[in-house]
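J.: Here it is: the structure, laid out below.
The values are calculated or read from the model by the stated rules, or taken from the named source; none is laboratory data. Please read all numbers here as calculations on a predicted model, not as lab measurements. Virtual Cβ from ideal backbone geometry, glycine too; neighbours counted across all protein chains shown. Ligands, DNA and RNA are stripped out before the accessible areas are found, and what is left, the full protein with its side chains, is counted by its heavy atoms. Shrake-Rupley method; radii C 1.70, N 1.55, O 1.52, S 1.80 Å.
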Amino acid sequence: MLPDISGPDTLFLRRRKEKNAVQAYDVVVVGKGNAALCAALASRDEGASVAILEAANEDESGGNSRFAGGVMRFAYGGVEDLRRVTDISDEEAAGSDFGTNTREEFLDVLYRLTSYRTDTDLSEMLVESSLDTMAWLRAKGARFTLNHGRQSGMVNGRRVYFGNMPIEVNGGGAGLVQYLDAAAKKAGIEVIYETRVTSLLYDGERVSGVRAQQRGKAVEFRARSVVLACGGFEANPEWRTRYLGPGWELCKVRGTRFNVGDGLRMALEIGAAPYGNWSGCHATGWDRYAPEFGDVNVGDQFQKHSYIFGLLVNADGRRFVDEGRDFHSFTYAKYGGEVLKQPGQFAWQVFDSKVTHLLRSEYRIKFLTKVSANTLEELATKLEGVNPEGFLKTVREFNAAVRTDVKFDHTVKDGKCTEGIEPKKSNWAQPLDTPPFDAYATTCGITFTFGGLRIDRETGQVLNVHFHPIPGLYTAGEMVGGLFYFNYPSGTGLVSGAVFGRLAGTSAGRAAKS
């Protein structure tokens with residue numbers, strides 16, 4: 001039976017210091033990334049008392065959101081929509097082409113990249129709520145800016161934004177967590193660190209709290225509503241191998257080491273319905289010798305996303321994907337898995353000096369695996385693990401196959417392609433012929449897993465295997481199944497986490513207070 005936790009917000013908290021202490025709140029949120037913080041803030045907006053339980057210590061807290069680049073994909077029709085999210089001067093508006101990401105464009109990308117498997121109700125809710133949620137984040141103190149560095153370029157004196165993402169959060173994902181942390185503190189939300197939730201309190205009818213390990217001691221937290229927002233299983237090599245397949249235990253983890261599937265496990269144990277692409281994930285090109293898990297001091301900078309302007313070659317010296325199939329925003333989350341399939345689980349990205357100025361900031365960090373040479377023959381001897389003859393043969397064939405009658409333009413899919421070779425390069429194909437040549441060693445870095453739980457689309461409440469709501473249980477973030485299959489459009493993760501975190505938190509808070 002739940003303890004009585006009614007009364008003024010400052011008085012409902014009961015804390016006992018003895019062993020196995022039980023603490024009581026209206027809402028307990030498990031996790032402390034973007035989705036969890038949004039859920040906690042939304043619950044607090046409903047007048048609920050809220051505690052966040054975080055497995056990490058304070059320095060390592062923030063989930064995968066701490067490692068996100070910070071670009072935000074949301075629906076907008078023009079500059080006035082963008083002004084709901086950040087300040088844009090009349091001068092900036094006049095000198096820029098922001099493009100659009102209308103409801104139809106956003107949905108088209110989601111459908112196309114997921115091979116039309118995305119849950120239509122979930123994807124429509126994500127798209128329809130995205131702009132309002134961005135404005136809500138701004139009202140909570142998050143600060144956004146125009147995305148000059150990664151998704152724009154100057155064309156005929158105007159700044160052109162491409163990839164449908166002209167906005168990013170100041171400070172990247174880590175900045176977003178910092179803003180939401182400050183909002184949570186201001187709202188009086190308690191954050192309890194080094195507390196790993198191990199199971200749900202469930203009597204067969206409703207969830208009434210959680211059991212946890214807190215610095216080696218067993219504790220319980222009672223609550224009228226529980227929101228699970230503690231990530232997928234990307235940091236669990238055993239689960240990766242079980243669900244994603246052989247070889248996935250060998251990849252690097254781009255983000256936090258704490259996302260090991262605990263939330264998914266405990267929900268499934270009480271009969272929650274699994275949903276979505278459990279054999280799929282978001283995985284990108286990542287520095288070959290990056291550490292096992294993400295480094296908060298480096299953030300997302302081990303990634304290498306400018307492959308669209310060069311060649312990707314494997315240990316045999318062969319190309320294995322169409323590097324220019326689309327903007328990196330629409331291929332990067334899939335191509336990491338393609339790198340993992342290659343001999344030795346690595347690939348080299350090779351560029352010549354014609355595109356050096358186009359390479360993103362992560363190609364200029366201190367910690368990277370890079371070789372340079374003034375001739376292709378010299379470069380071939382420096383590509384660790386690569387067959388030199390195979391590499392030189394690939395480059396010769398590629399150079400001969402590039403169409404010379406199409407102009408190169410990095411701000412659009414320019415159609416400058418190859419002919420007569422496989423795989424084809426569909427856009428941005430230029431001969432590799434201008435020294436010096438630079439090459440970067442990459443492997444696969446997993447970001448998050450796509451498999452999750454089935455939820456009620458109106459409330460964010462977790463459904464059981466018979467598709468009935470489980471009273472008292474909600475979820476958000478990576479744990480929402482059914483959105484992403486096979487691939488993923490860049491910038492959707494943080495927005496999705498905020499949309500469904502806000503939904504789950506609002507519903508959990510209302511249910512607790514009613």
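J.: Could you tell me whether region 266-277 includes any residue that is over 20 Å from Glu384 (Cα atoms), open to solvent by less than 10 Å² (accessible area, probe 1.4 Å) and under 17 Å from the mean Cα position of the chain (by Cα)?
T.: no
J.: Would you tally the residues in region 180-193 being in contact with a helix residue (DSSP H, G or I) (Cβ under 8 Å, 6 or more places away or on another chain) and either open to solvent by 10 Å² or more (accessible area, probe 1.4 Å) or in a loop (DSSP other than H, G, I, E, B) (or both)?
T.: Residues in region 180-193 being in contact with a helix residue (DSSP H, G or I) (Cβ under 8 Å, 6 or more places away or on another chain) and either open to solvent by 10 Å² or more (accessible area, probe 1.4 Å) or in a loop (DSSP other than H, G, I, E, B) (or both): 6 in total.
J.: Go through (1) under 30 Å from Arg242 (Cβ atoms); (2) out of contact with any Leu (no Cβ under 6 Å at 6 or more places or on another chain); (3) not β-branched (Val, Ile, Thr) and name the single condition Asp287 misses.
T.: Of everything listed in (1) under 30 Å from Arg242 (Cβ atoms); (2) out of contact with any Leu (no Cβ under 6 Å at 6 or more places or on another chain); (3) not β-branched (Val, Ile, Thr), Asp287 misses just condition (2).
J.: Okay, moving on. Give the residue, chosen from Gly204, Gly216, that is small (Gly, Ala, Ser), open to solvent by 10 Å² or more (accessible area, probe 1.4 Å) and farther than 28 Å from Gly509 by Cβ.
T.: None of the others qualify; the one that does is Gly216.
J.: Here's a check for you: in region 221-245, which residue that is small (Gly, Ala, Ser) and either part of a loop (DSSP other than H, G, I, E, B) or under 14 Å from the mean Cα position of the chain (by Cα) (or both) is farthest from Phe448 (Cα to Cα)?
T.: Across region 221-245, the extreme among qualifying residues is Gly245.
J.: Still on this structure, I have one more. Criterion first (under 20 Å from the mean Cα position of the chain (by Cα) and of a type in the set (A, V, I, L, M)) does Val321 satisfy it?
T.: Spelling it out, it is not the case that Val321 is under 20 Å from the mean Cα position of the chain (by Cα) and of a type in the set (A, V, I, L, M).
J.: Looking only at region 368-389, count how many residues are touching a residue at least 24 places away in the same chain (Cβ under 8 Å) and open to solvent by 70 Å² or more (accessible area, probe 1.4 Å).
T.: Within region 368-389, residues that are touching a residue at least 24 places away in the same chain (Cβ under 8 Å) and open to solvent by 70 Å² or more (accessible area, probe 1.4 Å) number 5.
J.: Please find, within region 395-419, the residue that is most open to solvent (accessible area, probe 1.4 Å) out of those that are in contact with a strand residue (DSSP E or B) (Cβ under 9 Å, 6 or more places away or on another chain) and under 26 Å from Phe98 (Cα atoms).
T.: For region 395-419, the residue satisfying everything is Val412.
For every residue, the table says whether it meets (1) hydroxyl-bearing (Ser, Thr, Tyr); (2) in contact (Cβ under 8 Å) with a residue 12 or more places away in the chain; (3) closer than 19 Å to Tyr243 by Cβ.
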position	(1), (2), (3)
Gly255	no, yes, yes
Ala272	no, yes, yes
Tyr275	yes, yes, yes
Ser306	yes, yes, no
Phe309	no, yes, no
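J.: Could you run through region 95-119 and say how many residues are at negative phi and either open to solvent by 40 Å² or more (accessible area, probe 1.4 Å) or assigned to a loop (DSSP other than H, G, I, E, B) (or both)?
T.: Looking only at that region, the number is 15.
J.: Here's something else I'd like to know. Listed residues Arg211, Arg196, Arg222; which is open to solvent by 30 Å² or more (accessible area, probe 1.4 Å) and without any contact (Cβ under 8 Å) to a residue 60 or more places away in the chain?
T.: One residue alone meets the criteria, Arg211.
J.: Regarding region 327-339, can at least one residue be identified that is at negative phi, part of a loop (DSSP other than H, G, I, E, B) and open to solvent by 30 Å² or more (accessible area, probe 1.4 Å)?
T.: no
J.: Within region 260-293, work out how many residues are part of a loop (DSSP other than H, G, I, E, B) and either at pLDDT below 95 or of a type in the set (Asp, Glu) (or both).
T.: 1
J.: Search region 464-484 for residues being in contact with a Gly (Cβ under 6 Å, 6 or more places away or on another chain) and of a type outside the set (Gly, Ala, Ser), and hand back the single one that is farthest from Val50 (Cα to Cα).
T.: Taking the candidates together, the pick is Val465.
J.: Right, another one. All but one of (1) under 22 Å from Tyr440 (Cα atoms); (2) open to solvent by less than 30 Å² (accessible area, probe 1.4 Å) hold for Leu392; which doesn't?
T.: Failing condition for Leu392: (2).
J.: To continue, here is another question. Is it the case, given these coordinates, that Lys425 is closer than 21 Å to Phe330 by Cα and open to solvent by 50 Å² or more (accessible area, probe 1.4 Å)?
T.: no
J.: Can you name every residue in region 31-47 that is out of contact with any Gly (no Cβ under 6 Å at 6 or more places or on another chain) and open to solvent by 10 Å² or more (accessible area, probe 1.4 Å)?
T.: Across region 31-47, the qualifying residues are Arg44, Asp45, Gly47.
J.: Now, a different point. Taking region 128-179 only, how many residues are in contact (Cβ under 8 Å) with a residue 12 or more places away in the chain, in a loop (DSSP other than H, G, I, E, B) and more than 20 Å from the chain's Cα centre (by Cα)?
T.: Within region 128-179, residues that are in contact (Cβ under 8 Å) with a residue 12 or more places away in the chain, in a loop (DSSP other than H, G, I, E, B) and more than 20 Å from the chain's Cα centre (by Cα) number 3.
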